[in-house]
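The values are calculated or read from the model by the stated rules, or taken from the named source; none is laboratory data. Bear in mind the structure is a predicted one, so any value in this text is a computation, not a measurement. As a convention, Cβ positions derive from the backbone with ideal geometry for all residues, glycine included, and neighbour counts pool all protein chains shown. The accessibility values were calculated without ligands, DNA or RNA, using every heavy atom of the protein model including side chains. Shrake-Rupley method; radii C 1.70, N 1.55, O 1.52, S 1.80 Å.
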Amino acid sequence: ASALPRARTSSCDSRMAARQLTKYARQGDLVVFTNLSRPPVDYYWTAREAEERNFPRENEEHPGFDAPVPAEQLAREAQTIVDAVEQGRYRRIFLLHGFLPDKERGLLERLNGRLERVEELCRRCEAMGSYYDRISVYQARR
């Protein structure tokens, strides 16, 4: 028996996320990356049709650093995302949930309160694959 620890494996890694986005995210959709998930997924996501952004936006300025962001700024960014769907700018939001629930809380409250989850496109990961543990998809209420 080996004394070296075995690496954890997961089918929910950056390649899987890129495949999901290639298959389902289309022009008119927005992919929201949290918790530094964007660089590893972008590496594999070659057929981009959807728009993408970081949440919080601060992570676009510092892509390898998860900077602290004031709660008011997070609330404004979350409101802007939800408003854009309700106003028809985006058809759907693909959210890669990170491991910093305090940063995501306001965004999730707004998404769950004002938009409809597209359950058949959501994916929950069985283990930490790559900076996120699930993908949720939302659209405007019908």
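General observations
- Whole-Hz ³J(HN,Hα) from phi, Karplus 6.51 cos²θ - 1.76 cosθ + 1.60, for the range 117-122, glycine and proline x: 6, 9, 4, 5, 9, 7
- Bridges between two residues of the chain, per DSSP, are antiparallel at a rate of about 55%.
- Across the chain: Cys residues that no other cysteine approaches within a C-beta distance under 4.7 Å: Cys122
- Accessible carbon and sulfur surface of the chain relative to its total accessible area, %, 1.4 Å: 49
- Dipole magnitude for the chain: computed about the Cα centre from +1 point charges on Lys and Arg Cβ and -1 point charges on Asp and Glu Cβ, it is near 520 debye.
- Computed over the chain: relative contact order in percent, which uses C-alpha pairs under 8 Å that are six or more apart: 30
- Amide H contacts of Cys122 (H built 1.01 Å from N, in plane; Pro and chain starts excluded): Val137 sit under 5 Å, all sequence-distant by 5 or more or on other chains.
- Taking 0.36 nm per residue of separation and subtracting the Cα-Cα distance, full extension of the segment from Arg105 to Ala140 would add 10.7 nm.
- Working ranking of peptides 30-43, 106-119 by packing, defined as the average number of other Cβ atoms within 10 Å per residue, highest first, is 30-43, 106-119.
- Stokes-Einstein, applied to the Kirkwood radius of the range 68-142 over Cα pairs at a viscosity of 1.567 mPa s and 4 °C, places its translational diffusion at 100 µm² s⁻¹.
- Listed residues Gln27, Pro70, Ala84: farthest to the positive end of the dipole of the chain (Cβ charges): Gln27
- Gyration tensor verdict on the range 21-114 (Cα atoms; rounded if a/c is under 1.5, prolate if a/b is larger than b/c, oblate otherwise): oblate
- Angle in degrees between helix 14-24 and the longest Cα principal axis of the chain, rounded to the nearest 10: 40
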